[in-house]
1. Go through (1) modelled with pLDDT under 95; (2) assigned to a strand (DSSP E or B); (3) not aliphatic (A, V, I, L, M) one by one and return the number of the condition T47 breaks.
2. Quick one: how many residues across segment 124-155 are loosely packed, with under 14 Cβ neighbours inside 10 Å and more than 19 Å from the chain's Cα centre (by Cα)?
3. Can you find, within segment 63-81, the residue that is farthest from A155 (Cα to Cα) among those that are free of Cβ contacts under 8 Å to residues at least 40 places away in the same chain and surrounded by 17 or more Cβ atoms within 10 Å (Cβ to Cβ)?
4. Does S53 satisfy the criteria of being outside any loop (DSSP other than H, G, I, E, B), surrounded by 11 or more Cβ atoms within 10 Å (Cβ to Cβ) and at pLDDT 95 or above?
5. Here is a list of conditions, (1) surrounded by fewer than 16 Cβ atoms within 10 Å (Cβ to Cβ); (2) within 15 Å of the chain's Cα centre (by Cα); (3) farther than 24 Å from E54 by Cα, and A87 meets all of them except one; can you say which number that is?
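The values are calculated or read from the model by the stated rules, or taken from the named source; none is laboratory data. In this text the structure is predicted, and so the values were computed from the model without any measurement. Quick reminder, even Gly has a Cβ in these numbers, built from the backbone with ideal geometry, and neighbours come from all protein chains shown.
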Amino acid sequence: FIARSFTAAVTVFLLSCLCAATVNAADLNGISVSENSIKPGSEFTVTITVPPSENADTAGVRVSYDEETFDVIEWSPVVPGGISNAAKGMLVLMAANVDRFIDLSGGLTLTARMKAKDSAAAGEYTFELTEHSLCYVNDDGFNFTELWEPETLSASVTITGGAVTSAAEQAADAASVTSAAVTDAPSAEPLRGMDEVKVEGTNVTVIIVIVAAALAAAVIVIAVILKIRKKSE
């Protein structure tokens, strides 16, 4: 009798754990990561999960991350009318449609493949869902109905072990020491030029993101105008 009772208790416990895991997986709403603890050079995924709802015609998603620590391997979400970009610590998706072509009847999952750089330092890093919108334009052609309110806006990854100092890093350290010892050398002016080049590169990337956002905004405006004309007809 005792053995049967123990077996039954264990069975109930395991079933309750399984049910809890199933509910948690089904209730995902927001951002999550596949691994909470990794080492430099490791790959993992960042997932944005949207629960089922009415269909949408516009979407706006942006995730921020530490670009000095992580590289994006793949970020190419497939959403009707969508454009995506990954640059300067941001994963961006914007979409706009004349009609409600973004099917949310079964929810929506957006996934980015990431990699911790070999030079990544040990520590805890956060991926933040800084922009999150899935909506449709109402029949009046002006107001929007928001369909998504994520519950989880951030997810953390802890890098353990720290970075392994490479030969290139050792050479860079040596160069840094040499540079500090010759602060009055004529090389100061070229170094300023190098900084300017880096700034120009950063500005180009930012401009690309801004242009993409502007294009998406233009598509939304066109969608609203077409919807108003369609209604008037």
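1. It fails just one condition, (1).
2. Going through segment 124-155 one residue at a time, the tally reaches 7.
3. V79
4. Working: outside any loop (DSSP other than H, G, I, E, B): no; surrounded by 11 or more Cβ atoms within 10 Å (Cβ to Cβ): yes; at pLDDT 95 or above: yes.
When the stated conditions are applied, S53 does not pass them.
5. Of the numbered conditions (1) surrounded by fewer than 16 Cβ atoms within 10 Å (Cβ to Cβ); (2) within 15 Å of the chain's Cα centre (by Cα); (3) farther than 24 Å from E54 by Cα, the odd one out for A87 is (1).
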